[in-house]
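Encoded as structure tokens, the structure appears first; notes follow it.
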Amino acid sequence: MKFVEVEETEFKDFSKKSEATNFLQSLEMYHRYLDRGNEAYLVGVKDGKTLKAAALLVSKTKVLNKKVFISPRGFLADFKAKDFEEVLKTFTDGAKKFLKNKNGGLLEISPKISRVAKVDDDGVPTENMRRSKETKLFEKYGYKNLGEYEFIKWAYVLPTKDLTEETLMKHFRKGHREA
């Protein structure tokens with residue numbers, strides 16, 4: 001596996017297929033950052049010709065004369081894949097070298113790892129996600145948990161499979177029901 005810069009079409013195709021996809025890790029956001037004068041890159045991890053992970057990296061600020069890069073709500077990968085640890089290690093090692101050449105001093109990621117927390121009868125989470133196996137794996141490769149100051153930590157999902165449009169709309173606040 002190797003860390004590479006990714007072509008726009010390759011990134012777009014990968015982000016559309018990724019379970020972790022979101023609009024912050026999209027080709028449209030990449031172009032938005034560039035149009036606003038931000039330094040932005042599309043990078044990833046390849047195993048042969050297969051893209052295993054991808055990320056939009058953006059330089060946002062400077063700290064002690066070094067750039068802080070973020071991967072908004074990313075990077076994208078199959079976090080449940082058997083080879084994910086190797087993907088993470090390759091991404092981390094590659095990003096360190098890549099960003100060092102861009103005067104980077106810090107990389108913030110906030111991967112969208114979908115996980116269903118165990119809850120009590122009232123729907124309150126009963127497990128500490130900070131000690132999850134995913135968290136431990138990221139910490140193994142030098143990542144630190146900075147808390148939840150920018151993105152949501154918990155996302156509650158409403159099952160919609162058996163709902164009619166009318167029933168679904170009742171779940172939204174009155175002011176949010178109109179298009």
Query raised in the report: All but one of (1) open to solvent by 40 Å² or more (accessible area, probe 1.4 Å); (2) more than 25 Å from residue 83 (Cβ to Cβ); (3) in contact (Cβ under 8 Å) with a residue 24 or more places away in the chain hold for residue 47; which doesn't?
Result: (2)
**Report entry** Positions within region 90-110 being open to solvent by less than 30 Å² (accessible area, probe 1.4 Å) and part of a loop (DSSP other than H, G, I, E, B), in sequence order
**Finding:** 110
Report task. Could you run through region 1-40 and say how many residues are among the aromatic types (Phe, Trp, Tyr) and either part of a loop (DSSP other than H, G, I, E, B) or more than 12 Å from residue 72 (Cα to Cα) (or both)? Result -> 3
Report task. Can you tell me which residue among 139, 148 is at pLDDT below 75 and under 23 Å from residue 68 (Cβ atoms)? Result -> 148
Report summary line: Counted residues in region 72-89 being open to solvent by less than 30 Å² (accessible area, probe 1.4 Å) and within 27 Å of residue 62 (Cβ to Cβ) come to 5
**Report entry** Residue, farthest from residue 5 (Cα to Cα), within region 60-81, restricted to residues that are without any contact (Cβ under 8 Å) to a residue 60 or more places away in the chain, in contact with a helix residue (DSSP H, G or I) (Cβ under 9 Å, 6 or more places away or on another chain) and part of a strand (DSSP E or B)
**Finding:** 67
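The values are calculated or read from the model by the stated rules, or taken from the named source; none is laboratory data. Nothing here was measured: the structure is a model prediction, and the numbers come from that model. Because the Cβ atoms are built from the backbone with ideal geometry, glycine has one as well, and the counts that use them run over all protein chains shown. Side chains included, ligands, DNA and RNA excluded: accessible areas come from the protein's heavy atoms. Shrake-Rupley method; radii C 1.70, N 1.55, O 1.52, S 1.80 Å.
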